[in-house]
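Presented below is the structure to which this report refers.
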């Protein structure tokens, strides 16, 4: 007569599953409490919204082997320096516009979305926009009416989404702020535009 081994017991595996699930839950909770301060606005890796009042550039960090954002001298968006509250309102409106227009149905934003169209994570520094002097208005014009502009090598064109001038400016603010976030080098192989000193 064969006897069941302890490791073949249904009771053993049920208890093991409960303990593993409970232990995993505790680890997940601890990691969440550790992560939230690191990814909150105003932290070392996610700058305050007022970063849109400054020049944003990238430098290669040899130790980390990634491009890192550098927030530099004053360079207000659209020539107007905003308070922290005004900057937060503008960036938030830009984010909500991106969500309302379903931009991630085609684009990727911070690793989320589709890969049909260009990644927007660092688009503020994309050489496509030309020089730094005309970048802001070029981006606004493109967001409002991209239909006559070819913007990537695959021949894909972005549809006109009915974005207003104020919404386009808010989207540009969101894209500038997002480019200041330290994303551990994502997207990889990104080459930022050359900015004059």
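The values are calculated or read from the model by the stated rules, or taken from the named source; none is laboratory data. The model shown is predicted, which means the values in this text are computed figures rather than measured ones. A quick note on method: Cβ atoms are made from the backbone with ideal geometry, for glycine too, and the neighbour counts reach across all protein chains shown.
Miscellaneous remarks
- Number of residues in the range 29-49 that are part of a helix (DSSP H, G or I) and either touching a strand residue (DSSP E or B) at 6+ places or on another chain (Cβ under 8 Å) or over 13 Å from residue 175 (Cα atoms) (or both): the value is 11.
- Any hit, the range 94-109, residues being assigned to a loop (DSSP other than H, G, I, E, B), modelled with pLDDT of 90 or more and loosely packed, with under 15 Cβ neighbours inside 10 Å: yes
- Failed criterion for residue 63 (all others in (1) part of a loop (DSSP other than H, G, I, E, B); (2) in contact (Cβ under 8 Å) with a residue 24 or more places away in the chain hold): (2)
- Which listed residue is outside the structural domain of residue 175 (by TED's automatic domain parsing) and within 30 Å of residue 126 (Cβ to Cβ), from 44, 65: 44
- Failed item in (1) within 23 Å of residue 191 (Cα to Cα); (2) within 17 Å of the chain's Cα centre (by Cα), with residue 55 passing the rest: (2)
- Residue 149 vs. criteria modelled with pLDDT under 85 and surrounded by fewer than 12 Cβ atoms within 10 Å (Cβ to Cβ): no
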